[in-house]
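The structure appears right after this line, and notes come after that.
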Amino acid sequence: MIRRTLLLVLIAGSMFAQVSFERILNAAKEPQNWLTYSGGVQSQRHTGLTQITPDNVKNLEQQWVFQARSLEKFEATPLVVDGVMYTVQAPNDIVALDAVSGRVYWVYAYIPSPAARPCCGMINRGLAILGDTLFMGTVDAHLIAVNAKSGRPIWDAKVANAESGYALTHAPLVVKDKVIVGTAGGEYGIRGFIAAYDVKTGKEAWRFYTIPGPGEPGNQTWAGDSWKTGGGSVWVTGSYDPELNLTYWGIGNPGPDWNGDSRPGDNLYSDSVVALDPDTGKLKWYYQFSPHDEFDYDSVQVPVLAEMQWKGSQRKVMMWANRNGMFYVIDRTSGEFLQGKPFAKVNWLTGFDEKGRPMRAPGKTPSTEGTLIYPGNQGATNWYSPSYSPRTGLFYIPTWENTSSIYFKSPVEYVEGRQYTGTFPRMTVSFRGNIQNQITEDEGYGAVHAMDPKTGERKWEFKMADVTESGILTTATDVLFVGGREGNFFALNARNGSMLWKAALGGIIANGTISYSVNGRQYIAVAAGNSLFTFALRQ
Amino acid sequence: MKVWTFALSAGVLLAQHSFTRADIEDGSRLYSNTCAACHGANGDRVSGVDLMHGRFRRAATDDGVAAIIQKGIPGTAMPPHALTDFQAGSIVAYLRSVAAEAGSVSGTGDVARGKAIFEGKGACQTCHSVRNSGSLVGPDLTDIGAIRRAPQLERSLLDPDGEILAQNRTYRVVTREGTVITGRLLNHDVFTIQLMDAQGPRSFQKANLKESGFVEKSPMPSYQGKLSAQELADLVSYLVSLKGIQTQ
């Protein structure tokens, strides 16, 4: 009897192996798992699994479906650790499932405060794990630690005031012994920040305000007290380079969104990427994509890190497809701007100066009469995860092509806890999406754009009828997975964009596809509507 | 540019402001975002309150109306709103513009007579339906009075091509065999198109089509000269009365 108990303990123990930070750093060595939001600290969203190929992908068949008890969009990217999947049922229920059968092991139900008021849905984009602890940000701006074996809470840290418009919607990032999150709420006149918490205790270790205070460099880019309500939210997970010991995060729009009169200046570090020391939170460098933004061009995209030959020398680069329609390559050691090329229709800039600062097109600002701007308010891309394949050398962008908005300027006044934006622009494509799609190419369409980072040129385009909020996954066999608002899920050839397979999943695909394997069988998991679907090759 | 000037009293809020058409459009959007959830698109959803006829029970002046929008009415369901003076003023300007536009037909028609015209002389049910009765070839009008105002409905009856809502556009497809089908576009994705025509809902594989695209012209006939002014007013009044299916 004792022996049997011991055996059970050993089996159970092997099912829930500890996820050390060493394992997270070397996630590519265990492609059967998906250990971080973007699949690894470099955030390439590229799997090393090879069972599914361009030749056999047509034999994918559905394995199981998890139907979330939520009507919110399913934006969470799951984690998979040694056969156990962890995901989030919106707004903030953590669900642990058997990754083979989809059967639920446990649910940790978190009921957010009624004061929670995220601008754009009671959603969550996923989790982080370290050891046997899961971490989740909540829509009422708490950071929660939960035991991955039992689903029991360990600690609960209040990060900010939900009543003031703060929220946490992105998957946290673990770096060493800290878990890092940033605050959403850019439409509420918040002062955004990124903060690190001790993984064991939940105690705040450091805080980096995305808008510098008086006496700090960059505060002069805000007039008067406008820095106090300048937004600069953070709502997509950053990346980490262990050699440079830098963590990279994208910062959201300045507030008020569509009227910059009260905040003359560049409004640092809104619409920027910041490189921080993960031990101290100190800023090492920044690059601002859209100085003095009045178009809601959050730079809240996933920083994708890679090593590549750049004009004759090996460089550590960061690739970034921005909501403003430009595709950037940046030296991530120094923040040096290397290249910026449009990946969709753009009319707000004419080019870059020698330092990489965008040169604004004359007259392209919000006006009383309305000003037509490409890309539109939802951007040429947004928080949707791109993918980089080291095999093809291409960067793949979920794109809203040919979309525009008319921007109006009107007075706006700050009241704590209320939206602080200005007049909502007139968009050609619905912000939320409709149950039926009637938009045409003249108004915009969804696409995958495959870009060569070395030239900034587009190699191919895969068109959809409706726009897309889906992330992209590439595989080590050159298959690319992506979906769209129209509910179709596609497998494409990553080299030329040709369609290899499709499945009609019937709901908006608004998360990032992942791949994992259990017992030697490769799975693909993607959310559509309020359900999570998994596929594997027919046996 | 046409400028709508409203003589606003000399209060600190809106002292003699001229509202441009763009301001009023902003006011319209603010109304939709801020007010319409309770007051409805026509401003008459709250019992005993009608915002779009230029008369306000609790305020004699426009800046008084703007102040109510900003501060709310204590002891009622009307909450305060965090709007600037100009924003609140633009909402008032919008309400005034609606009242000024109206009058040509609204308020002069008879709903019952309009219903009879809709179902009889007008033959509207050939294409339209109301509360599950009629054809689905054209847009369902069950809640048309909640989303369109009388002047807009009158214009649509007299000049159907003048403004066609995006969701009501007509689509034309030509099959490989050369068959031409036109209908109301319901939906399209990468592979398929769904239309509604006289035969009912239809679906096409894009790969099987020679061509496809929108038709600029509306299939709806103009009622100019076909209905008398009174009949037109009756029909518009009936359409305005269609606010959707009310729960009991």
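The values are calculated or read from the model by the stated rules, or taken from the named source; none is laboratory data. This structure is a prediction, so every number in the text was calculated from the model and none was measured. Quick reminder, even Gly has a Cβ in these numbers, built from the backbone with ideal geometry, and neighbours come from all protein chains shown.
A residue that is of a type in the set (A, V, I, L, M) and touching a Lys or Arg at 6+ places or on another chain (Cβ under 7 Å) can be found somewhere in the range A:177-198.
A count restricted to the range B:50-86 and to residues that are assigned to a loop (DSSP other than H, G, I, E, B) and over 19 Å from the mean Cα position of the chain (by Cα) stands at 20.
Tallying residues that are more than 9 Å from every other protein chain (Cβ to nearest Cβ) and either closer than 21 Å to A:ALA167 by Cβ or touching a residue at least 60 places away in the same chain (Cβ under 8 Å) (or both) within the range A:402-416 yields 5. Are there any pairs with C-beta distances below 6 angstrom linking a residue in the range B:72-95 that is within 11 Å of another protein chain (Cβ to nearest Cβ) to a residue that is of a type in the set (D, E, K, R), with the two at least 6 apart or on different chains, and if so which? Pairs that qualify, where the first residue is within 11 Å of another protein chain (Cβ to nearest Cβ) and the partner is of a type in the set (D, E, K, R), are B:PRO80/B:LYS71; B:ALA82/A:ARG418; B:THR84/A:GLU413; B:SER90/B:ASP23; B:SER90/B:ASP26. Considering only the range B:174-222, how many residues are surrounded by 11 or more Cβ atoms within 10 Å (Cβ to Cβ), within 14 Å of chain A (Cβ to nearest Cβ) and hydrophobic (A, V, I, L, M, F, W, C)? Residues in the range B:174-222 being surrounded by 11 or more Cβ atoms within 10 Å (Cβ to Cβ), within 14 Å of chain A (Cβ to nearest Cβ) and hydrophobic (A, V, I, L, M, F, W, C): 11 in total. A search for C-beta distances below 6 Å between a residue of the range B:129-151 that is closer than 17 Å to B:ILE117 by Cα and any residue that is of a type in the set (Lys, Arg) and not in a strand (DSSP E or B), counting only pairs 6+ apart in sequence or on different chains, returns B:THR142/B:ARG131; B:GLY145/B:LYS243. Among the residues of the range A:511-528, the one identified as at pLDDT 95 or above, among the small types (Gly, Ala, Ser) and assigned to a loop (DSSP other than H, G, I, E, B) is A:GLY520. Considering the range A:417-449, and only residues there that are more than 14 Å from A:GLY376 (Cβ to Cβ) and touching a Ser or Thr at 6+ places or on another chain (Cβ under 8 Å), the residue that is nearest to the other protein chains (Cβ to nearest Cβ) turns out to be A:THR423. Can you spot a residue in the range A:347-360 that is buried (at least 23 other Cβ atoms within 10 Å of the Cβ), out of contact with any Gly (no Cβ under 7 Å at 6 or more places or on another chain) and either touching a residue at least 24 places away in the same chain (Cβ under 8 Å) or acidic (Asp, Glu) (or both)? For the range A:347-360, residues buried (at least 23 other Cβ atoms within 10 Å of the Cβ), out of contact with any Gly (no Cβ under 7 Å at 6 or more places or on another chain) and either touching a residue at least 24 places away in the same chain (Cβ under 8 Å) or acidic (Asp, Glu) (or both): absent.
All of A:GLN419, A:GLN436 fail the test of being surrounded by fewer than 22 Cβ atoms within 10 Å (Cβ to Cβ), touching an Asp or Glu at 6+ places or on another chain (Cβ under 6 Å) and in a loop (DSSP other than H, G, I, E, B), apart from A:GLN419. Taking the criterion of being more than 14 Å from chain B (Cβ to nearest Cβ) and either modelled with pLDDT under 95 or surrounded by 24 or more Cβ atoms within 10 Å (Cβ to Cβ) (or both), the residues of the range A:454-501 that qualify are A:GLY471, A:ILE472, A:LEU473, A:THR474, A:THR475, A:VAL479, A:LEU480, A:PHE481, A:ALA494.
Please verify whether A:GLY351 is away from chain B (no Cβ under 14 Å), small (Gly, Ala, Ser) and farther than 27 Å from A:SER38 by Cα, treating the condition exactly as stated. It is true that A:GLY351 is away from chain B (no Cβ under 14 Å), small (Gly, Ala, Ser) and farther than 27 Å from A:SER38 by Cα. Within the range A:42-55, residues that are farther than 29 Å from A:VAL174 by Cβ reach partners that are of a type in the set (A, V, I, L, M) with beta carbons closer than 8 Å, at six or more positions or on different chains, in the pairs A:THR53/A:VAL479; A:PRO54/A:VAL479; A:PRO54/A:LEU500. In the range A:218-229 there is no residue matching the filter, namely being closer than 27 Å to A:PRO386 by Cβ and modelled with pLDDT of 95 or more.
Among the residues of the range A:87-146, what is the count of those that are among the hydroxyl-bearing types (Ser, Thr, Tyr) and touching a Phe, Trp or Tyr at 6+ places or on another chain (Cβ under 8 Å)? Selection size over the range A:87-146: 3.
Going through (1) part of a loop (DSSP other than H, G, I, E, B); (2) crowded, with 24+ Cβ neighbours inside 10 Å one by one, A:THR87 falls short only on (1). Of the strands (runs of 3 or more DSSP E) lying entirely inside the range A:249-326, the ones with 3 or more residues being under 25 Å from A:THR392 (Cα atoms) and touching a residue at least 60 places away in the same chain (Cβ under 8 Å) are found at A:304-310, A:313-321. The single residue among A:PHE408, A:PHE352 that is hydrophobic (A, V, I, L, M, F, W, C), touching a helix residue (DSSP H, G or I) at 6+ places or on another chain (Cβ under 7 Å) and under 28 Å from A:ARG263 (Cβ atoms) turns out to be A:PHE408. Of B:ALA82, B:ALA77, B:ALA37, B:ALA59, all but one fail to be surrounded by fewer than 18 Cβ atoms within 10 Å (Cβ to Cβ), touching a helix residue (DSSP H, G or I) at 6+ places or on another chain (Cβ under 6 Å), among the aliphatic types (A, V, I, L, M) and not assigned by TED's automatic domain parsing to the domain that holds B:LEU141; the exception is B:ALA59. Among the criteria (1) surrounded by fewer than 24 Cβ atoms within 10 Å (Cβ to Cβ); (2) under 22 Å from A:LYS176 (Cα atoms), the one A:LEU127 does not fulfil is (1).
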